[in-house]
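The structure under discussion appears below in the form of structure tokens.
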Amino acid sequence: MPASAVPPAPAAAASPAAPGRLPAVLLMTGSCLPVLGAVLLAPVLPRMQDHFAGVPGSAALVPLVLTVPALSLALLAPFAGIVVDRLGRKRLLVVATVLYTLFGTVPLWLDSLYGIVLSRVLVGVAEAAVMTACTTLIGDYYSGRVRNRYLALQTMCASASATVFFVLGGALGAAGWRTPFWLYGVGLLLAPVMARALPKAAPSHAAEAGEAVSGSGPFPLRRMAGICLLTVFGAVVFYTVPVEMSYLLDDLDVTSTGVIGAVTAIASAATVAGSVAFTRFTDSPRRRLPALLLLCATGFLLMGTADSLPLLIAGAVVNCVGTGLLLPSLLTLAMARLDFADRGRGTGLWTSAFFFGEFVCPLVLLGGKQALGNLAAAVGLLGVATLLVAAVLVPLTRRAPQVLPRRAPEQL
């Protein structure tokens with residue numbers, strides 16, 4: 001057998017070419033599509049509320065237009081992961097991106113609030129497939145520190161795009177509450193480029209990194225359960241500042257939209273800075289989790305006790321630097337537990353956990369506000385809870401291996 005005569009050369013010849021920059025750009029862009037759905041419509045909700053004022057239940061249904069895709073994504077991402085593993089990552093991504101545009105632009109022509117809410121549920125279905133496929137392909141194409149950098153870049157792009165989409169939604173909303181829905185047309189531009197430029201994921205990519213590819217063993221459900229549970233909590237921590245900052249500012253009698261926008265941009269920049277810093281670390285993400293949660297908790301405690309705008313901004317910056325480090329750390333840990341054959345299902349579970357945390361975040365803070373009397377106290381209580389989680393993780397992370405195996409650089 002020729003391969004046995006000179007092992008290194010055939011292995012190199014058989015290995016696929018490393019993906020270039022265009023596939024990475026496409027995967028980062030695709031990862032931003034669910035973010036578009038989450039923030040794009042926020043500025044036009046009051047105008048939608050006025051338009052559908054005569055519809056029974058509109059007070060509850062209009063906010064669902066914004067939030068129901070995240071719930072749909074959280075519920076369906078595990079099933080998207082199963083489809084990813086069985087039908088192929090690239091094929092599902094291209095089809096789901098087209099469906100994202102079709103479902104996303106439906107409200108341009110509908111005048112039924114119930115129909116619009118249903119279309120938003122279907123948008124969440126498409127988003128579940130897009131997000132799961134994009135993250136799975138990042139894990140397929142890259143390994144080791146390169147994979148970690150791209151996972152951090154995915155977080156950074158999603159955080160930065162949230163601010164951009166919020167501004168775009170407000171600007172387009174000036175022309176009418178339907179106008180922002182035209183942005184969902186970007187899917188039709190992305191899909192053909194993805195079909196042409198993304199290489200097909202193959203087990204040979206995983207074999208190069210020393211990963212198992214056969215899928216003969218059982219799915220590592222127990223290993224994924226802990227990281228997914230922590231991810232739900234991490235998502236609540238991650239989304240608290242973006243979701244609640246305007247209310248905290250209002251409690252400090254800051255009502256200027258310009259100031260609110262500037263503070264939101266500063267917090268977003270801090271998250272991006274944390275994601276960039278993640279790429280500079282060389283130690284195990286598992287070992288640094290308690291420190292990252294401590295950083296997030298410090299920010300929450302500063303925000304919870306803030307009696308002035310500068311202190312509130314300082315707390316938000318500290319917290320967002322921590323969340324910018326926390327999210328790629330959790331995703332890296334999840335990817336390190338998965339081989340090629342299981343990566344779609346595992347990524348689907350992680351994605352479901354993260355977006356479920358996004359969905360329950362405002363509910364958690366609302367419950368805390370009702371119990372304690374004000375939102376700042378609820379944020380402070382979340383800071384205490386984050387401290388407790390960090391303390392619980394300290395003995396667990398000390399048992400993590402300090403030296404990573406050479407055969408699989410990303411294994412933790």
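The values are calculated or read from the model by the stated rules, or taken from the named source; none is laboratory data. A quick note: this is a predicted structure, and the numbers were derived from the prediction, not measured. Neighbour counts are summed over all protein chains in view; Cβ atoms, including those assigned to glycine, are modelled from backbone coordinates with ideal geometry.
Can you pull out the residues in the stretch 96-136 that are under 18 Å from Gly185 (Cβ atoms) and among the charged types (D, E, K, R)?
Arg120, Glu127
Here are some residues: Ala306, Ala297, Ala277. Which one is over 23 Å from Met224 (Cβ atoms) and either surrounded by fewer than 21 Cβ atoms within 10 Å (Cβ to Cβ) or among the hydroxyl-bearing types (Ser, Thr, Tyr) (or both)? Lay out the reasoning, then the answer.
Working: Ala306 fails: either surrounded by fewer than 21 Cβ atoms within 10 Å (Cβ to Cβ) or among the hydroxyl-bearing types (Ser, Thr, Tyr) (or both); Ala297 fails: either surrounded by fewer than 21 Cβ atoms within 10 Å (Cβ to Cβ) or among the hydroxyl-bearing types (Ser, Thr, Tyr) (or both).
The match here is Ala277.
Mind listing whichever residues of the stretch 244-283 are modelled with pLDDT under 80 and within 18 Å of Gly324 (Cβ to Cβ)?
Hits for the stretch 244-283 are Thr264, Ala265, Thr279, Arg280, Phe281, Thr282, Asp283.
From the residues in the stretch 124-145 that are within 12 Å of the chain's Cα centre (by Cα) and over 14 Å from Val98 (Cα atoms), which one is modelled with the highest pLDDT? Spell out how you get there, then give the answer.
Residues of the stretch 124-145 that are within 12 Å of the chain's Cα centre (by Cα), as a first pass: 127-128, 130-132, 134-135.
From what is left, the residues that are over 14 Å from Val98 (Cα atoms) are 132, 134-135.
Working: Thr132: 86, Cys134: 89, Thr135: 85.
Filtering first and then ranking leaves Cys134.
Any chance you could count how many residues in the stretch 330-388 are crowded, with 24+ Cβ neighbours inside 10 Å and not in a helix (DSSP H, G or I)?
Of the residues in the stretch 330-388, 1 are crowded, with 24+ Cβ neighbours inside 10 Å and not in a helix (DSSP H, G or I).
Name the residues in the stretch 146-161 that are modelled with pLDDT under 80 and either acidic (Asp, Glu) or surrounded by fewer than 20 Cβ atoms within 10 Å (Cβ to Cβ) (or both), would you?
Of everything in the stretch 146-161, just one residue is modelled with pLDDT under 80 and either acidic (Asp, Glu) or surrounded by fewer than 20 Cβ atoms within 10 Å (Cβ to Cβ) (or both), namely Ala160.
Name the one entry in Arg147, Arg120 that is among the charged types (D, E, K, R), within 25 Å of Val321 (Cα to Cα), in contact (Cβ under 8 Å) with a residue 24 or more places away in the chain and assigned to a helix (DSSP H, G or I). Talk me through it step by step, then tell me what you get.
Values: Arg120 fails: within 25 Å of Val321 (Cα to Cα).
Answer to the selection: Arg147.
Could you tell me which numbered condition Gly115 fails, if it satisfies all but one of (1) surrounded by fewer than 17 Cβ atoms within 10 Å (Cβ to Cβ); (2) at pLDDT below 90; (3) closer than 30 Å to Ala59 by Cα; (4) among the small types (Gly, Ala, Ser)?
Failing condition for Gly115: (2).
Can you confirm whether Ala174 is modelled with pLDDT under 85 and more than 18 Å from the chain's Cα centre (by Cα)? Show your work before the answer.
On the way: modelled with pLDDT under 85: yes; more than 18 Å from the chain's Cα centre (by Cα): yes.
Considered against the rule, which asks whether it is modelled with pLDDT under 85 and more than 18 Å from the chain's Cα centre (by Cα), Ala174 comes out as yes.
Would a scan of the stretch 342-360 turn up a residue that is of a type in the set (Asp, Glu) and either out of contact with any Lys or Arg (no Cβ under 7 Å at 6 or more places or on another chain) or at pLDDT 90 or above (or both)?
First, the residues of the stretch 342-360 that are of a type in the set (Asp, Glu): 342, 358.
The next check asks that each one be either out of contact with any Lys or Arg (no Cβ under 7 Å at 6 or more places or on another chain) or at pLDDT 90 or above (or both); those that pass are 342, 358.
Yes, because at least one residue in the stretch 342-360 is of a type in the set (Asp, Glu) and either out of contact with any Lys or Arg (no Cβ under 7 Å at 6 or more places or on another chain) or at pLDDT 90 or above (or both).
Take Gly54 and decide whether it is more than 23 Å from the chain's Cα centre (by Cα) and among the small types (Gly, Ala, Ser). Step through it out loud before you land on a result.
Values: more than 23 Å from the chain's Cα centre (by Cα): yes; among the small types (Gly, Ala, Ser): yes.
So Gly54 fits the description; yes.
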